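Here, each number is a calculation from the coordinates, and none is a lab measurement. Just so we're clear, the structure is a prediction, and the values are computed from it rather than from any experiment. Note: ideal-geometry Cβ built from the backbone for every residue, glycine included; neighbour counts use all protein chains shown.
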Amino acid sequence: MELSKKTLLRIGIAVFALYLCIHYWPVVAGILTAAAVAAWPLVLGCVIAYLLNIPMTWYERRYFPRSGKRFWNASRRPVCLLAAILTLLAIAALVIALVLPQLSSCVQLLLAELPDAIEFLVERAARLRILPEDIVQTLLSIDWKSRIGQILELLTSGIGSVMDTVFRALQSVFSGVVTAFLGVIFAIYLLAGKDTLRRQCRRLLHRYLRPGLRQRLLYAAEVLDDCFHRFIVGQCIEAGILGLLCTAGMFLLRLPYAAMVGALVAFTALIPIAGAYIGAGVGAFMILTVSPMQALFFLVFLVILQQLEGNLIYPRVVGSSLGLPGIWVLAAVTVGGGMLGITGMLLGVPVAAALYRFLREDLNSVPAAEKCATPPGKQ
């Protein structure tokens, strides 16, 4: 096959560009990093828009769907978008209101009880003769309340000046708030004009891509969107079920902070597989300030509940909705977490589900040439 001059020119330009990227990689990496930082609010806006689109479409299907009046059709998008934003804000405010005050009081209580706990441990070590007598006397002579206060003051003040630490903290918070605000504004614009944006993207694909490649690309986008949508909805349902079961079980066992720990476990359960254990650690820490034995009971209860959830609820709610076997769910979470941490845990399952569907459909499809082929020896 002969190559045209235009094709050879494109190959030459691509090879030369690759050489420049390799040779001047520090400069290219700096440019890519600066571009990624500059585009981060837009990426965050796309993520927020995708998450908001799920409840917004749910509201749109129920906001006078069969009405032909112009008012209802014109107001459907802004009203449903506002309802979706208020729904997510209400859920976040509920979790914060349940968790933060109790967590703050538990930390204060733990710091207040810590000096007495240290003295008790030192006395018990002296009775059991675990530590030498001189070390025990030295530990008992220390004023632990003042020492803990000095440690907290050192941690809050830092090595540098207090004003410098406060300035950096305020700068970081301000930067995060601005980024989040820009992301939310961009997400609102995306959702408000998503129909127009969808038509424009299809026109671009129709203009610059061949029909076969365009159809495959659109199909891949539909499969990925369906997998991510099913995963997010299934994960939220599974987290809600786990939080309710945890709250009900703690009430039956008369454990403290039942509503707060249940909300925390439900929120952290949005992280596949490992999320509930993160909530278990924080919950056990809070119950520990009330009773160490109750904290132990809580850990045993949550381990049993997590096993039931992992073997019965999670495969049925999330795995079945995605059509992905449980072993591949675990593999996707493990590999994704090893590569990208928590982000990889969240993205690994829907991406693996999409790849699993592509592979299954490709294996199940039988080309027409194979159907018409005559087996050897029967010609």
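Listing for the model above:
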| read-out | value |
| --- | --- |
| Rounded to whole Å, sorted largest first: equivalent-ellipsoid semi-axes of the range 210-361, Cα gyration tensor | 36, 13, 12 |
| Karplus-derived HN-Hα couplings along the range 343-355 (A = 6.51, B = -1.76, C = 1.60, θ = phi - 60°), whole Hz, x at Gly and Pro | 4, x, 4, 6, 8, x, 5, x, 5, 5, 5, 5, 5 |
| Kirkwood hydrodynamic radius of the range 11-99, Cα pairs, Å | 17.2 |
| Note, ³J(HN,Hα) from phi for the range 263-268, Karplus 6.51, -1.76, 1.60, rounded to Hz, x at Gly and Pro | 5, 5, 5, 5, 5, 6 |
| For Val261, Val223, order by how many other beta-carbon atoms lie within 10 Å, fewest first | Val223, Val261 |
| Residue-span extension gain [Val15 to Leu347] - 0.36 nm each, minus C-alpha spacing | 116.2 nm |
